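Working notes, beginning with the structure itself.
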Amino acid sequence: MNKLYLWGIIITAAMLGATYLSVGMSKGGLNGDIVNMLAVAGAVALVIITVFVVIKYVRQMQTDQATGELADESWDNIGEYKNPVPFGWAVMFLGTMIWGMWYFTIGYPVNAFSQIGQYNEEVAEKNAKFEKEYANIHGDRLVEMGESVFLAECKVCHGIAADGIDGKAANLNVRLEAKTVKGVIENGSNNKLLGTEMPMPDRNGLFNAETGALITDTEIDAVAEYVANGMKGNEAGAKVFANTCASCHGPDGKGMEYVAPNIAEFTPALITNVLTHGKKGVIGKMPAFDRLNAKQKEAAAAYIISLSKGE
Amino acid sequence: MENRPLEYDYTVAKMFMLTTIILGIVGMLIGVILAFELAFPSVNTILGSGLAEYTNFSRLRPLHTDAVIFGFTLSGIFATWYYVGQRVLKVSMAESGLLMFIGKLHFWLYIVGVAAVVVSLFAGVTTSKEYAEFEWPIDIAIVVVWVLFGMSIFGLIGIRREKSLYISVWYYIATFLGIAMLYLFNNMEVPTMLATSPAGETAIGNWWHSVSMYAGTNDALVQWWYGHNAVAFGFTVPIVAMIYYFLPKESGQAIYSYKLSLLSFWGLMFVYLWAGGHHLLYSTVPDWMQTMGSIFSVILILPSWGSAINMLLTMKGEWQQVAASPLIKFMVLGSTFYMFSTLEGPIQAIKSVNAIAHFTDWIVGHVHDGVLGWVGFMIMAALYHMAPRVFKREIYSKSLMAAQFWIQTLGVVLYFTSMWIAGITQGMMWRAHDEFGNLAYSFIDTVTVLHPYYAIRGVGGLLYLVGFLLFAYNIYKTWTSDKEVDAERLNQSPMGA
């Protein structure tokens, strides 16, 4: 076989291999996405057309002879043949020009394309598909979806392990950390974690029924440790909780509807509300994630609940 | 008089040959440093954190692009003009004291401009417009340099003996007119000293600092009309001018088709200017302008390929020359890289493909298979052809030139294949989603995957730089050689072993 063809095949195979590698390395590959398919088709066409055309002309260098009638002029001894333009080139040039005129004056305006319209259509289509496929998922599948949402939206601050990346954000493996409990007691809280409840007062409004006085620093430390430990251990803390906090959050810390949120464990309503409204806390301000739909919020909640249960 | 062969005067050509080589080394060296900074971020502070300001990617990047575009390439264009112009117009620079003065002034003012650009960009003084970073005083100096270039072109044409203009001269004229128009309109800028703050304070900026006269989307449009056509009239048109002279001259073959030359030239002129909108696909630019950019990009394939095909067909039946001469190899491979690049660009300019390609390394790869494989190869080939005729010495070493050719070819191949994989991978990963429709990767995931390709790109760039240093050495040894050539060779340049 002619060395030229061999090189052509090697180059084509190498470039197509590189393209295959690029596509294969990405999750889902072409993913049924028309943009991916067109890009890969373009890349493949580029390699094949260039190699084919260059081989054609190099073959002419190897086997053909220069012929034709020379023009009268010669510039610094350079002549020019009066050969006609290559037929295929001329046809394609004419073809692209006609296509261009047609597309710009008829094809494009009649199609009435707009990029915002395209965006809206694609979003509506994806939403409809999502509704159809995922409206009723629950259990493990819901947790799977939640993990996917978490990795796309939450991990940037909360970390892949949901540990809050050294205090950058809340550690979601536990319901509450001691410093958060302390912060809330000292400063109060108005995050509407249930959607409608009254704000929680700061320490100047937290009355210990046993001592008959406002909550003290020692008591705050004790109760914070007790709550952060999952409502167990630290007996002094348990006592403070029973006499100061239980009236709203309930004796077991599981909260009361319309009054105070569950501080013993995560609940779907609580997480959904945080995602909807955002949250201000000891660490800082978490923005609202309104771009998530109701199902995605529910899924994120299911995933976070599964984390805090150590599942 | 008419019986005596004309002696051409290459004084100005020689000066620009020197800056082509020096600025080429500088620009490519910075490029290699940048490539390794991307692959290994610690290179950003290689001279310590105290000097990090001068070594970090953001400070060096405009120095790389401007040094290779306005240093290496422009010098190459000027050097070849002061060589080719005289010869195809059959008139010597020495015949006109005025033209010689203009030529030398052109060179020295250019040097002043280059110095001002290097100092100001290193100091971080910039208008922040890509490829148009120079502040207004430098812009004015560059306009003067450009006007001198134009005076030299039209002056030489004015006193020519050759009645009709060779195709290369047309391309040089187009270069002059195109860049003049682009440069003036994109660099319309207002010194910030003239600005008034919302609170009513005046003179809040510096006299030398300026901002674009256009705002927002309008600025983006003018910027990419400029940016894209700087590629047209800096990297395409003048380089085509070179190959139309140097390939037939070196090989002794007549151009395949006069008609193809003409149609390709006017095709390029009419189509190129409208394609810049493809840099702004899926942006705030009106849809119809984006579509126009894409359409003209696709039409542009044929006039671009026309010139390349004309060159390849000029070599019809001359394979033994391609095989024997590394100088001709540079030009033939340059044509094929030109074809590859000018098909790749339009494909990337199709909206749906651009949705993947935009902002990825695929674009960087596309630019570099054009500039390394086409612009760089062609300028070096031109200088190789000029050297024995300008210095009246045999080219120092053919085997060194051949080694350079293969080293640089490998460099270009490593560069564009690694960026091909990196770019497509990056684009696919940015779009990839899982079954629930959530994005599958974070940005850092792509960085991790791309790291080896960035390292390969750095190696590719380094090989190209090594080849360029071989080129510089070869030209230097030619210049200082004692192997004089008495009579100028009509075609094949004389080369030592």
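The values are calculated or read from the model by the stated rules, or taken from the named source; none is laboratory data. Note that the structure is a prediction, hence the values are computed from the model and not measured. Positions of Cβ are backbone-derived with ideal geometry, glycine not excepted, and every protein chain shown enters the neighbour counts. Please note that ligands, DNA and RNA were not included when accessible areas were found on the heavy atoms of the full protein model with its side chains. Shrake-Rupley method; radii C 1.70, N 1.55, O 1.52, S 1.80 Å.
In this view, the solvent-accessible surface of A:Ser189, computed with a 1.4 Å probe and all protein chains in place, comes to about 30 Å².
Using just the helices of chain A, give the 222 nm mean residue ellipticity in deg cm²/dmol: DSSP H runs with n ≥ 4 each add -39,500 (n - 2.57), and the total is spread over all residues, rounded to 500.
Working: 13 runs with 164 residues, N = 311.
Mean residue ellipticity, 222 nm, calculated: -16500 deg cm²/dmol.
Mean per-residue shielding of peptide B:418-429 is 6, counting Cβ atoms of other chains within 10 Å of each Cβ.
Just the number please: accessible area per residue for the protein assembly as shown, 1.4 Å probe, all protein chains included, in Å².
On the way: 35840 Å² over 808 residues.
Heavy-atom SASA per residue in the protein assembly as shown reads 44 Å².
Compute the distance from the alpha-carbon center of the range B:235-301 to that of the range B:6-60, in whole Å. For the range B:235-301 versus the range B:6-60, the Cα centre distance is 28 Å.
As I understand it, the dipole of chain B uses +1 on the Cβ of Lys and Arg and -1 on the Cβ of Asp and Glu, about the Cα centre. Which of B:His358, B:Trp225, B:Ala215 lies farthest toward its positive end? Ranked along the dipole, the leading option is B:Trp225. Between B:Ala455, B:Ile301, A:Cys248, the Cα set farthest toward the positive side of the dipole of the protein assembly as shown (charges on each charged residue's Cβ, about the Cα centre) is that of B:Ile301.
If packing is taken as the mean number of other Cβ atoms within 10 Å per residue, what is the order of B:321-331, B:436-446, B:45-55, highest first? Before the final figure, lay out the partial values.
Values: B:321-331: 20.7, B:436-446: 16.5, B:45-55: 11.8.
Most protected by this proxy first, the peptides run B:321-331, B:436-446, B:45-55.
Amide hydrogen proximity for A:Lys279: with H placed 1.01 Å from N in the peptide plane, the residues at 5 or more positions away or on another chain lying under 5 Å are A:Met286.
Take the Cβ-Cβ distance between A:Tyr119 and B:Val485 as r, set R0 to 60 Å, and report the resulting FRET efficiency rounded to the nearest 0.05. Mind dumping the intermediate values first?
Working: r = 66 Å, r/R0 = 1.10.
Taking R0 as 60 Å, the efficiency between A:Tyr119 and B:Val485 is 0.35.
Which order do B:His278, B:His451 take when ranked by solvent-accessible area (1.4 Å probe, heavy atoms of all protein chains), largest first? Working shown, then result.
On the way: B:His278 30, B:His451 75 Å².
From most accessible down to least: B:His451, B:His278.
Of all DSSP-defined beta bridges confined to the protein assembly as shown, some 90% are antiparallel rather than parallel.
Estimate for me the total accessible surface buried between chains A and B (protein heavy atoms, probe 1.4 Å, no ligands or nucleic acids), in Å² to the nearest 100. Write out the running numbers ahead of the final one.
Details: alone 21120 and 21650 Å², together 35840 Å².
Rounded to the nearest hundred, the buried surface is 6900 Å².
Annotation: amide H-H contacts under 5 Å for A:Leu206 (H modelled 1.01 Å from N, sequence separation of 5 or more, or interchain): A:Ile215.
Couplings 3J(HN,Hα) for the range B:308-320, derived from phi with the Karplus relation 6.51 cos²θ - 1.76 cosθ + 1.60 (θ = phi - 60°), are 5, 5, 4, 6, 5, 6, 4, 8, 3, x, 10, 4, 4 Hz, where x marks Gly and Pro.
Note that the range A:279-287 has calculated 3J(HN,Hα) couplings of 7, 10, x, 4, 6, x, 10, 9, x Hz, one per residue in order, obtained from phi through the Karplus relation 6.51 cos²θ - 1.76 cosθ + 1.60 (θ = phi - 60°); glycine and proline are x.
Rank these by accessible area, largest first, 1.4 Å probe: B:His64, B:His385.
On the way: B:His64 35, B:His385 0 Å².
Ranked from most to least accessible, the order is B:His64, B:His385.
With a Förster radius of 30 Å applied to the C-beta separation of A:Cys248 and A:Phe130, the computed FRET efficiency comes to 0.20.
Farthest toward the positive end of the dipole of the protein assembly as shown, out of A:Val227, B:Val119, B:Ile395, is the Cα of B:Ile395, where the dipole comes from beta carbon charges about the Cα centre.
Only lysines eight or more places from A:Lys280 in sequence, or on another chain, were considered; those with a Cα closer than 26 Å are A:Lys155, A:Lys168, A:Lys179, A:Lys182, A:Lys192, A:Lys254, A:Lys295, A:Lys297, A:Lys309.
Report, in deg cm²/dmol and to the nearest 500, the calculated mean residue ellipticity at 222 nm for chain B, where each DSSP H run with n ≥ 4 adds -39500 (n - 2.57) and the sum is divided by the residue count. Could you put the intermediate results ahead of the total?
Working: 19 runs with 333 residues, N = 497.
When only DSSP H runs of four or more count, the value is -22500 deg cm²/dmol.
When both the range A:286-309 and the range B:99-155 are represented by their alpha-carbon centers, they are found 59 Å apart. Backbone amide hydrogens, once placed in the peptide plane, bring B:Ile395 within less than 5 Å of B:Met495, B:Gly496, excluding anything fewer than 5 places away on its chain. Peptide A:118-128 shows a mean partner chain C-beta count of 1 within 10 Å per residue C-beta.
Using the structure shown, select from B:Lys104/B:Lys163; A:Lys3/B:Lys398; A:Lys82/B:Lys398; B:Lys163/B:Lys483 the pairs with a Cα to Cα distance greater than 31 angstrom. All intermediate terms of the calculation are to be shown ahead of the outcome.
Details: B:Lys104/B:Lys163 26 Å; A:Lys3/B:Lys398 24 Å; A:Lys82/B:Lys398 34 Å; B:Lys163/B:Lys483 36 Å.
Exceeds cut-off: A:Lys82/B:Lys398; B:Lys163/B:Lys483.
A straight Cα-to-Cα reach below 17 Å connects B:Lys316 with the aspartates and glutamates A:Asp64, A:Glu69, A:Glu80, B:Glu250, residues fewer than 8 places away in its own chain not being considered.
Across all Cα atoms of chain B, the radius of gyration (one decimal) and Dmax (whole number) stand at 23.1, 85 Å.
I need the peptides B:155-168, B:102-115 ranked by packing, meaning the mean over residues of other C-beta atoms within 10 angstrom, with the highest value on top.
Details: B:155-168: 17.1, B:102-115: 18.7.
Descending packing order for the listed peptides: B:102-115, B:155-168.
Along the range B:232-239 the Karplus relation, 6.51 cos²θ - 1.76 cosθ + 1.60 evaluated at θ = phi - 60°, assigns HN-Hα couplings of 5, 9, x, 9, 10, 4, x, 6 Hz to successive residues, with x for each Gly and Pro. Shielding of peptide B:344-357 by partners, expressed as the average count of other chain Cβ atoms within 10 Å per residue Cβ, is 5. For the pair the range A:1-72 and the range A:242-283, the centres of their Cα atoms are 63 angstrom apart. Here chain A has 61 percent of its accessible surface on carbon and sulfur atoms, given a 1.4 Å probe and all protein chains in place. The dipole here belongs to the range A:233-311: it is taken about the Cα centre, uses +1 on the Cβ of Lys and Arg and -1 on the Cβ of Asp and Glu, and is about 320 debye.
When all alpha-carbon pairs of chain A are counted, what percent fall beyond 26 Å? Intermediate values should be presented prior to the final figure.
Values: 32296 of 48205 pairs.
Within chain A, distances greater than 26 Å cover 67 percent of Cα pairs.
Ligands, DNA and RNA left out, the accessible area of chain B computed with a 1.4 Å probe is 70% carbon and sulfur.
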